[in-house]
1. Return yes when residue 247 is in a helix (DSSP H, G or I) and either closer than 23 Å to residue 156 by Cβ or basic (Lys, Arg) (or both) and no when it is not.
2. Quick one: what pairs do we get from the range 202-219, first residue on the phi > 0 side of the Ramachandran plot, second open to solvent by less than 90 Å² (accessible area, probe 1.4 Å) and assigned to a loop (DSSP other than H, G, I, E, B), C-beta under 9 Å, 6+ apart or different chains?
3. Tell me which residues, restricted to the range 113-125, are surrounded by fewer than 19 Cβ atoms within 10 Å (Cβ to Cβ) and either of a type in the set (D, E, K, R) or in contact (Cβ under 8 Å) with a residue 24 or more places away in the chain (or both).
4. Go through 254, 283 for me and flag whichever is at pLDDT 85 or above and either in contact with a helix residue (DSSP H, G or I) (Cβ under 7 Å, 6 or more places away or on another chain) or open to solvent by 40 Å² or more (accessible area, probe 1.4 Å) (or both).
5. Which one of these is touching a residue at least 40 places away in the same chain (Cβ under 8 Å) and surrounded by fewer than 17 Cβ atoms within 10 Å (Cβ to Cβ): 186, 128, 169?
6. Might you let me know whether the range 180-187 holds any residue that is farther than 15 Å from residue 135 by Cα, within 19 Å of the chain's Cα centre (by Cα), aliphatic (A, V, I, L, M) and at pLDDT below 95?
7. Scan (1) over 20 Å from the mean Cα position of the chain (by Cα); (2) under 17 Å from residue 98 (Cβ atoms); (3) among the β-branched types (Val, Ile, Thr) for the single condition residue 143 breaks and write down its number.
8. Among the residues of the range 208-234, what is the count of those that are at pLDDT below 90, more than 18 Å from residue 253 (Cα to Cα) and of a type outside the set (S, T, N, Q)?
Amino acid sequence: MRPTGEKHSTAGLQPVLQKLRCHPLSKPSSQEARILEQIAYLVSLIQSDSPTTPPQWVELLFIETGYTQMKYLIDRALEVHNHMVKAPTKWQLALMKDPNRLCPFREFIPSQNLFRAKDGPFSKQHAHTDVGALSALTWRGVTFSTKFSEVEIKIFPTVKDWDQARERHSEEPDSFFCNQQAYGQHCEGRGVSLVAEYAEALTTNSWATFVRGRMVPFTECYNWFMAMDKKTKKVVFKQIGALTAYLLTCNYVYAGVVQAPLDEELGRLLARVHKGAVAGLQYLGLLQLVYESPVHRTEKRPDLDRTELEMDQTVVA
């Protein structure tokens, strides 16, 4: 499979699928499958508003199978979530300082909860609207992992509303509104001026018109966020790269606007995004790199900062 290519063959996925069928995780009685089941149980505990302690049998299972480090990280994350930290470890200090980036349970991070609320862009009221789309793009493209996104309104009907919200914090530095390292590497192209450009783009590329009250296929939604303007040959939404487009699409899946991806299309998109999911498959031994050469995405997306790379790889199962 070649992540940067647009042509894909289903047959190319068969070696990976075959290895998945043979992997211990596919056997419910295996230790790996039991561990995964209990991880899911521990994650469910985080949804509770009251302090939770994993039962003893979960602890014994982790010790029995040698996954003590994994158990340690999950236990410490539970302590942070339940406000039960007495003498914080370095891991907990980092997690408390920046949960939006470091929390291992992505759907439970503070910003996700805020923006899924009834006054957020992914609520039933706004998820099908251009107002919701502008606010979602602003969050993912500009304000993600900032103090501004935590304390200010989540919906910006117009650019004027955005400007007024910024004026309420006029004494704050630019980093209060936009974290240029929100997704890891520094991205010089991220900035507050993008909001006006997103609003302008939505006047000719309406999210409401695109959705039309239907359940949008996952890949179709992803491609909409990654689209190039046919007339200008420029990207429609600046600084919305492969990873951000994927995350926005996932947000709309949870909002009930986009269909959950099929196995094959998810595999193709993960290859295109080429981030943590691919690294995880490599760690499990399901993918092996035989060739790689970094290619700057700016060759295809000139608006993106040159620090955001796209790996052009041939991988084999």
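1. yes
2. Here the result reads 212/128; 213/128, each pair linking the range 202-219 to a residue that is open to solvent by less than 90 Å² (accessible area, probe 1.4 Å) and assigned to a loop (DSSP other than H, G, I, E, B).
3. Across the range 113-125, the qualifying residues are 114, 116, 117, 118, 119, 123, 124.
4. 254
5. Of the residues listed, the single one that is touching a residue at least 40 places away in the same chain (Cβ under 8 Å) and surrounded by fewer than 17 Cβ atoms within 10 Å (Cβ to Cβ) is 186.
6. Yes, because at least one residue in the range 180-187 is farther than 15 Å from residue 135 by Cα, within 19 Å of the chain's Cα centre (by Cα), aliphatic (A, V, I, L, M) and at pLDDT below 95.
7. (1)
8. So the count comes out to 5.
The values are calculated or read from the model by the stated rules, or taken from the named source; none is laboratory data. Nothing here was measured: the structure is a model prediction, and the numbers come from that model. FYI the Cβ positions are ideal-geometry reconstructions off the backbone, even for glycines, and counts take in every protein chain you see. SASA here: full protein model, heavy atoms, side chains in, ligands and nucleic acids out. Shrake-Rupley method; radii C 1.70, N 1.55, O 1.52, S 1.80 Å.
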